[in-house]
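Please treat every number below as a calculation from the coordinates, not as lab data. All values reported here derive from a predicted model rather than from experimental measurement. No Cβ is skipped: glycine too gets one built from the backbone with ideal geometry, and neighbour counts run over all protein chains shown.
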Amino acid sequence: MNYQDRKTDKDLKAGAARCPAISTQDIIAQDKVQAPGWVRSESYEYLGSEDIDTARYIDPAFAKEEYDRLWTRTWQFACREENIPGVGDYYVYDLGSYSFIVTRVSKDEVKAYYNACLHRGTKLRASGTDGTASEFKCSFHGWSWNVDGSNKSVTCPWDFPHVNRDEYKLPEARVALLGGFVFINMDPDAPSLEDYIGPEALAHIKAWKLEDRYVALHVGRRFQCNWKLNIEAFQEAYHVIQTHPQVAPSNGDANSQYDTYGEHVNRFISTLGVVSPHLYGKVSEQDVFDQFTLGDSSALGGGGKPQLKEGETAREAMAVMFRGMFEQAFNADLSKVSDSELLDCFSYTIFPNLFLFPGISLPMVYRFRPDPKDHRASIFEVLFLRPVPKDGKRPEPAEPIMLGDNQSFTEAEGMDPGFGAIMDQDTENLFLQQEGLEASAKHGLTLGDYQEIRVRHFEKAVDKYMAMPPKRPDWKRAQP
Ligand code: FES
Ligand SMILES: [Fe+2]
C-alpha cells in the first residue's frame, strides 16, 4: 500500500489516527530475516489530549517535592554490573542530595548503602568516585564498616555504651539486577523491579540480552533544562524532520511506532533504510542506500559505487551490509538477529532515569538526573553498549568523559562525528525550551495524541508519584 492510498480518517476515535504512510509493522513484515513477536506487536493506549502543566518544568518547589515523592519511590539505574565485577568493588551513585555506595558483597549479591557515616554523618566515599574497598572507613573519627555493611569498629567504644553495634549496620536501599544493570530503590514498600516493569516489557528487555554488552564509551554533559525536558527530547521521532533533516532521507520518522507498557515503560520503533514520509517522491531507494555507503564502496570493501540490484530495496541491501559489517566489527555472531533488530532504532524508557536503545546499529543507554542545585539543569550521560566479543573476554568498561557545559559531543574522544552532531542538534533546543516555558503566556504543553504519547505516559507517572505524600528514607526500616 502506498502513501496516497492510506487515508487519514478524521472521524476516528481520539488517538486512533496514524501517519497515512506505510506503518512500521508493514515495513518490518517485508524483512527477509523476520523479527520476533515482541518486535511485531503494538501496545498503544490513548491517554487523553489535555495540555501538560508547565509548572513541573519551571517551578523549583515542584523539583524539591520530586526528591521526596518520586525519587524515593522509583527504581533507578545506578551503575552497570561491570563497574563492580569483584567483591568489594564499589561505585558511588548520586541522585540529588541522596548518595549510595553500590558494592558487590559476594559473586551474586550487590548492595547499596546510604553513603553517610552513622556517627556524625560524613560521606563514607566522595561523590563521583569508584574503586575497591576492604572496608568503608569514615575519614572523620574512623568508625568503619565491613563490605557486607556490618559495623567493623567504633573509635573509643567505651564512650558509646548506647550504640549497639549490631544495630549500626549501614542502612540499605533495595537492589535489583537486570540485563547487566544495577537498579536501586529507596522504598522498602515498592513493588519488585519485575513487577514495576511488568511482564511484557520485562520479556523485551530480557530478550535484548544487554548483560552480554560492555560499555565501550561513556560521555556525560550538564544541560540548562529540567531533567524531564531532557528525557522527553528523546521520546519521539516527531522532531526528526526539523531538528535532524540530514537523517530524514533514510529514517521512517512520522510513521514510527509508539508503545506503552504499564505505568513505567514505553518505547518507540523508528525504522532505518526507508525514507521519511515527509520526503516521499523526493528521494529514491538508491538515494537512501547512498546515505549509508556515502555513495562509495568503502563500506563494502571496494569495487565501485554500490548499486541496488533491480527491484532491491535500500532496506534489504542494508540488512545484508550491516550484518556483515557488525559481525566483523564486533567479532560477534549476528546470524539469528532479525533485520529489524539489526537496523531499526528501538528506544525504551524505564521510568524515571533510564533510556535504552538496545538495537545493534544504535546500541546506547542514556541516563538523566536532575542537577541537585538547579531545577533548570540536568545531568545527561550516554553509554555505548557493544556486544562482548565471541571469545567471551569482556573489555573493561570505558571511563566516563564529562564534557564542559559548552562543549560539543563531537569533542568527546571516540565519539562518531555524525552521531555527535545529532546529539548536539538534540540538545541545542533544550535551553530555548526551558526559557520559552518560563516566558510563555500559555501554561501548558500541547502534545500529539500518538507521536508524543511517550511524553504523556512519562508525565502520567510523574503525576502518580507527585500525588503521594512525601516519603523520606527511614534508617530503621532501611536496616537489612
Ligand atoms: S562522622 Fe564518621 S566517624 Fe565521626
Ligand atoms: Fe533527536
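If you line up the long axis of helix 453-466 against the longest principal axis of the chain, both from Cα atoms, how many degrees apart are they, to the nearest 10?
It works out to around 20 degrees.
Which value, in debye to the nearest 20, gives the size of the charge dipole of the chain about its Cα centre, when Lys and Arg are +1 and Asp and Glu are -1 at the Cβ? Write out the running numbers ahead of the final one.
Details: 53 positive and 71 negative charges, 232 e Å.
Value, rounded to 20: 1120 debye.
With everything on Cα atoms, drop me the angle between helix 60-69 and the longest principal axis of the chain, reported from 0 to 90° to the nearest 10.
70
Report, to the nearest 10°, how far helix 314-330 tilts away from the longest principal axis of the Cα atoms in the chain, using its own Cα long axis and a range of 0 to 90°.
Tilt relative to the chain: about 40 degrees.
Could you compute the net charge surrounding Trp75? Neighbours are other residues with a C-beta less than 11 Å from the C-beta of Trp75; K and R count +1, D and E count -1. Write out the running numbers ahead of the final one.
Numbers: positive: Arg73, Arg174; negative: Asp187, Glu194, Asp195.
With Lys, Arg at +1 and Asp, Glu at -1, the net is -1.
Could you work out Rg/(2.2 N^0.38 Å) for the chain, with Rg from alpha carbons only? If you can, show how the numbers build up before the last one.
Working: Rg = 24.1 Å, N = 480, 2.2 N^0.38 = 23.0 Å.
Ratio of Rg to 2.2 N^0.38 Å for the chain: 1.05.
Please get the size of the charge dipole for segment 83-238, origin at its Cα centre, with Cβ charges of +1 on Lys and Arg and -1 on Asp and Glu, quoted in debye to the nearest 20. Provide the component values of the computation, followed by the final result.
Details: 17 positive and 20 negative charges, 123 e Å.
With only Lys, Arg, Asp and Glu charged at Cβ, the dipole is about 580 debye.
Which value results when the Cα radius of gyration for segment 88-224 is divided by 2.2 N^0.38 Å?
On the way: Rg = 17.4 Å, N = 137, 2.2 N^0.38 = 14.3 Å.
Scaled against compact globular proteins, the figure is 1.22.
Could you tell me which Cys residues in the chain have no other cysteine's Cβ under 4.7 Å from their own Cβ, answering none if every one has a partner?
Cys with no partner Cβ under 4.7 Å: Cys19, Cys79, Cys156, Cys225, Cys345.
Rank Val219, Val274, Ile101 by how far each Cα sits towards the positive end of the charge dipole of the chain (+1 on Lys, Arg Cβ; -1 on Asp, Glu Cβ) and give me just the farthest.
Most positive-ward Cα: Ile101.
Which of the listed residues, Thr410, Leu437, Gly420, is farthest toward the dipole's positive end in segment 410-480, when Lys, Arg count +1 and Asp, Glu count -1 at the beta-carbon?
Sorting the options by dipole projection puts first Leu437.
Just order 32-45, 243-256 by mean Cβ neighbour count inside 10 Å, highest at the front, would you? The partial results should precede the final answer.
Values: 32-45: 14.4, 243-256: 20.4.
Averaged packing, sorted descending, gives the order 243-256, 32-45.
Just from the alpha-carbon atoms, what are the Rg and Dmax of segment 181-283 in angstroms?
17.4, 57
For the chain, what is the mean residue ellipticity at 222 nm derived from helices alone (per DSSP H run of n ≥ 4: -39500 (n - 2.57); sum divided by total residues; nearest 500 deg cm²/dmol)?
Details: 12 runs with 112 residues, N = 480.
-6500 deg cm²/dmol, from helical runs alone.
Mind checking which of Pro395, Tyr258, Tyr348 is farthest towards the positive end of the chain's charge dipole, using Cβ charges of +1 (Lys, Arg) and -1 (Asp, Glu) about the Cα centre?
Positive-most Cα among the choices belongs to Pro395.
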